[in-house]
Amino acid sequence: MMQRRSNAYHISVLAVLMAIVIIQNIVPFFGYIPLPGLSITTIHVTVIIAAVVLGPRDGAIVGGIWGIIDWIRAFVAPTSALAPIVFTNPLISVVPRILIGVVAGWIFIWFQKRQHRTLGFTLAGVAGAFTNTILVLGLIGLLYSHQAAGFYQINLSKLMPYLLAVVASNGVPEAILAGILTPLIGTPLLRFKKA
């Protein structure tokens, strides 16, 4: 009976988090919050929550759904002029999103085994956010440097410093957001899971 309840909880939470990721991709200002000079992504937090509450495999599944939606949107409704060039490559649109769940999930497991759950939540959030930012921007710089330099209207030699500035301006706030929200959301979900 307890195992059946645990499985039902697991499936229910996974379904809800998958639905949230889909909604975050569709509803304006829910998954991507535009601010002056930058756009903060919030979708990674949902992937991280899936990873810490349900495990790395399910975090990878939720991240994969986000990546597949981004990949499809790059073909049918691109969010920028660069999107059809770079996000049609699943190595950039899908793989980093899957790895958010894997990295965040395993970091949380490692800290939880050492009785540092709160620290595990926070570091899983920060690491998951940076996994996405660094892999997406790094792969764009590595695989599409000429197209990206043209899109951003900068000299090719200045592309990597520019991308590092984007990591600082977008990646750091996203990591801070994930580091704060992951324990706030993950703690009650794990407590309910054990109840």
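Some notes on this structure:
- Inclusion of GLN153 among residues that are free of Cβ contacts under 8 Å to residues at least 12 places away in the same chain and either under 18 Å from LEU54 (Cα atoms) or more than 15 Å from the chain's Cα centre (by Cα) (or both) is warranted.
- As for the range 110-122, it holds no residue that is surrounded by fewer than 21 Cβ atoms within 10 Å (Cβ to Cβ) and within 21 Å of ILE11 (Cα to Cα).
- Positions within the range 34-80 being under 17 Å from LEU177 (Cα atoms) and aliphatic (A, V, I, L, M), in sequence order: LEU35, LEU38, ILE40, ILE43, VAL45, VAL47, ILE48, ILE49, ALA50, ALA51, VAL52
- Filter pass, ILE68 being under 21 Å from PRO173 (Cα atoms), outside any strand (DSSP E or B), modelled with pLDDT of 95 or more and not polar (S, T, N, Q): no
- If you go through the range 35-58 and keep only what is free of Cβ contacts under 8 Å to residues at least 60 places away in the same chain, closer than 22 Å to TRP106 by Cβ and not in a loop (DSSP other than H, G, I, E, B), you end up with ILE43, THR46, ALA50, LEU54, PRO56, ARG57, ASP58.
The values are calculated or read from the model by the stated rules, or taken from the named source; none is laboratory data. What you see is a predicted model; the values in this text were computed from it and never measured. Methodologically, a virtual Cβ is constructed for each residue, glycine included, from the backbone with ideal geometry; neighbour enumeration extends over all protein chains shown.
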